[in-house]
1. For R125 and R471 in one chain, what is 0.36 nm times their gap in residues minus the Cα-Cα distance, to one decimal in nm?
2. Taking the simple approach of a point 7 Å from Cα along Cα-to-Cβ for both E567 and S177, what is their distance in nm?
3. I'd like the projected area of segment 289-350, averaged over all directions, using the convex hull of its alpha carbons. Report it in nm² with one decimal.
4. Please give the contour-minus-distance gain from R418 to E335: 0.36 nm per residue of separation, less the Cα-Cα distance, rounded to one decimal in nm.
5. How big is the shadow of the Cα convex hull of the chain, averaged over all directions, in nm²?
6. For segment 83-133, how big is Rg over Rh, using alpha carbon atoms and the Kirkwood form of Rh?
7. Label points 7 Å out from Cα along the Cβ direction at A53 and D143: separation in nm?
8. I'd like the Kirkwood hydrodynamic radius of segment 363-406, using the inverse of the mean 1/r over distinct C-alpha pairs, in Å.
Amino acid sequence: MRTLITTVLACMFAPPALAQQAPTPAPAQPLTAMPYSPSLDLSSLDRGVDPCADFYKFSCGGWMKNNPVPADQARWDVYSKLANENQQFLWGILEEDAKATNRTPTQQKIGDYFAACMDTASINRLGAAPLQPALKQIDALADRKALITYLGPLNRHTPGSFFFNAESTQDPGDSSSVIAEISAGGLGLPDRDYYLKTDSKSEETRKAYLAYIEQILKLAGRSAESAQKDAATIMRIETELAKASLTRVERRDPYKQYHKMTVAQLSATNPVVDWKEYLRAQGLESVTTLNVTQPAFQKEVDRVLTNEPLENLKAYLRFHVITAAAPSLSEPFEEAAFNFYSRHLRGVQQLPPRWKRCVRQVDHGLGEALGQEFVARTFSAETKQKTLLMTSQIEQAMQSEIEQLDWMSPATKQEALRKLHAVHNKIGYPDKWRDYSKLEVQQKDYFGNVLRVADFETARDFSKVGKPVDRNEWGMTPPTVNAYYDPQMNDVNFPAGVLQPPLYDPKSDDAPNYGDTGATIGHELTHGFDDEGRQFDAQGNLKDWWTKDDAKNFEERINCLRDQFAEYIVVDDIHINSKLTSGEDVADLGGTLIAYMAWKKATEAQRLMPVDGFTPDQRFFIGFAQWACENTREANSRMQATVDPHSPGFARINGIVTNLPEFATAFGCKVGQPMVKAKACKVW
Ligand SMILES: [Zn+2]
C-alpha cells in the first residue's frame, strides 16, 4: 500500500508556452555553502499582471522569465532548483569523503560509493559484462516450472519488476503490524494507460518504446533478428498485464488494494506460482497471511505464465533485468535508457552531468548515511524548533476549524479531532539513523555496489515482516526537497532539505513563511482528511469513522473542487484528471486556509506593517504562490497529466486563491474578476 503516501509537491508544471530555452550554463562546481534566496522574492513578480486576473502569473512571472528549464531537466521550479543546489552541496561532501584518509565508516561507504560511480572508465570497460550472471541463469531455465520458480530469487536479488512484486507493508486493517504483500508490476512504461490509449502521441510513444526494447536487447548481446521479435513479444505481454491493472484513480481507493488472505487461499486461487517456495526465496518462509493488492491482475499473470511459450517468458525476464540495470551500466546502456525515458517521455535535452547522477545514486542507496552529513552542516536546532512550533500552531488552527463546522456531527468531529491529535510530527531527520554497518561498499566495483545496496534494502524491507511497525521510520531522505503525509502511520514528514530558503527562511518575518512552509504543513495535515486519508483512523487503520451524512457532505465538498479543477488544461487539449488530483487539491485548499488562520493567531499581538509596498496579508499570499513558480517541457506535462496526482503549479495557486475570500480582500478583488469564484469551494 505504499502508493498511499501522499507527497506535497512531487510534480509541478506550468503552461508550456511560457517555457524558455536555456542558455548553455558554465560548468557547475561543488558548493561549500547553500546559496540564499528570500522566501518572498520581488524579482520573481510580474507587476504588469493584475493579481486579480492571474495571481500565479503576477507572483511568478518574473521567476519564469529568469529561470528557463536547464537542458538536463524535464521541468524547473522553486523546489527542483533548491534540490539541485542541495545536490551541488552534497557533491562537495562526497568528493571530500571519497578522498579523505581518516574516514568514519559512514564516510567510507558514501565516499566509496560516489567514487565508484564516478569511475566511468572502469564502468565503460565492463560494458554488458555485469549483466551476464543474471542473463545466463535465465538462458539456462530448462522448462516452464524452472522459470516460474526462478521468479522468487529474481525478485529477492535482482533489481527490476518481474510481472509482480513482493515487499513488506503496514497492514491496512491493523496498522500496528507489518505483513508481506504481493503487488502488481511488470510494466516498462510509466502507466497502464500508455499501452491502451489510441491517440497519435501514445502510438508514437509505443513505437519509441519498441525501438528502445530492441536497442537495449541488442546492446546486451541478442541478435538483431531476435531482438526485434522479442520486442514485439514483450510489448504484447506487457499490454496484457496493463489491461488487467487497476487505473491510478481506482488505486486511490484503499479498499480496492486490500485483499488479505492466507498463503493457502492464494495458492488455491492462483495455483501457477508455488507461493510457499516463492516466499521462502524472499526469506519469508514463516509468513502465513499476506495482502494481494490486485487479485485480478494476479489471475492475468497466471494466464500469461501458463500460455506464453517458454522463450517468450524468457525474453520478458531478460528485458526487465537489462532495463533495470541500464542506468548503472556503460554509456551505451545509459544513453539508450536516457533517450527513451527522459528525452522521449519527458523532453529532457541532455543527460545530467555524471556528478549529479552519482550524488542522486548515493542519496537513493545510502540516503540516511549521506543525510547525516547534510543535516550536520545545514539544519539548525533553531529551524527545527521554529518549524515544530509552526506545525503545532497549524494543528491548533485545524482543530478550531473542525470544531466550528456546522455540517459535521459531534460524533465525527470527535473522531476527526482524535485523529488530528494523534498525528506524529517528524521534522528534519529521523531520531535514530538507519544502520548500514552490514552493507559492503567497494571503491572499485560500481555495479557490485548497486546490487549490494538493492539487496541490503530488500533484506531490510523483508526483515520488518511480522514485527511491530517502527513509527520512527522515514520514507524520504533528509536532503529531499519534498514532504509527505502517510495515512497508515498518521504522520507528517518534513525533511531538512525542504526547510531551507526560499521555502522556509529563518531571516524572514512570518508572513511569507506561513504562506509557503506553513501552507505545506497545512497541506500535509489535510491529507489525513482527503478522499483517501479520511478512510484511515487515528491509529492508521483502514476503518470508516464517518457517519453516512458527514461522509456524503464531505464528498460533496471534494466534488466542488473536482469540478473546478477538471476545467483547467495541462497541455494540448488534455484537462486535469481531477479524480486523480482531488486529494492534492483538497490538501492545497484546506492547508492554505489553516496556515492563514495560524499565521493570524501567531501574529495577533504584533503590529504588522506593509513591506516593499505589500500589506502583511498580501505578503502571506505572495509567499504562498512563490513556492509553485515553475517552467516545464511539453512532453513532461503530457506525462504528468497521466501519472501525477498533483495539479500543475498555476492551478495549485489560482485554483486555491479563487476559493479564499481572505485573498480577495487582501488584493481588493471583486466578484466577476477571474481570481474570485462566484461560489467558493470549501474543505473546512
Ligand atoms: Zn500532497
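The values are calculated or read from the model by the stated rules, or taken from the named source; none is laboratory data. Keep in mind that what you see is a predicted model, and the values were worked out from it rather than measured. We place every Cβ from the backbone using ideal geometry, glycine too, and count neighbours over all the protein chains shown. Surface accessibility is based on the protein's heavy atoms, side chains included, excluding ligands, DNA and RNA. Shrake-Rupley method; radii C 1.70, N 1.55, O 1.52, S 1.80 Å.
1. The R125-R471 span can extend by a further 120.1 nm.
2. 5.0 nm
3. Projected area, direction-averaged: 6.8 nm².
4. So the chain would gain 24.7 nm between R418 and E335.
5. 29.2 nm²
6. 1.10
7. The two pseudo-label positions are separated by 7.6 nm.
8. That comes to 13.0 Å for segment 363-406.
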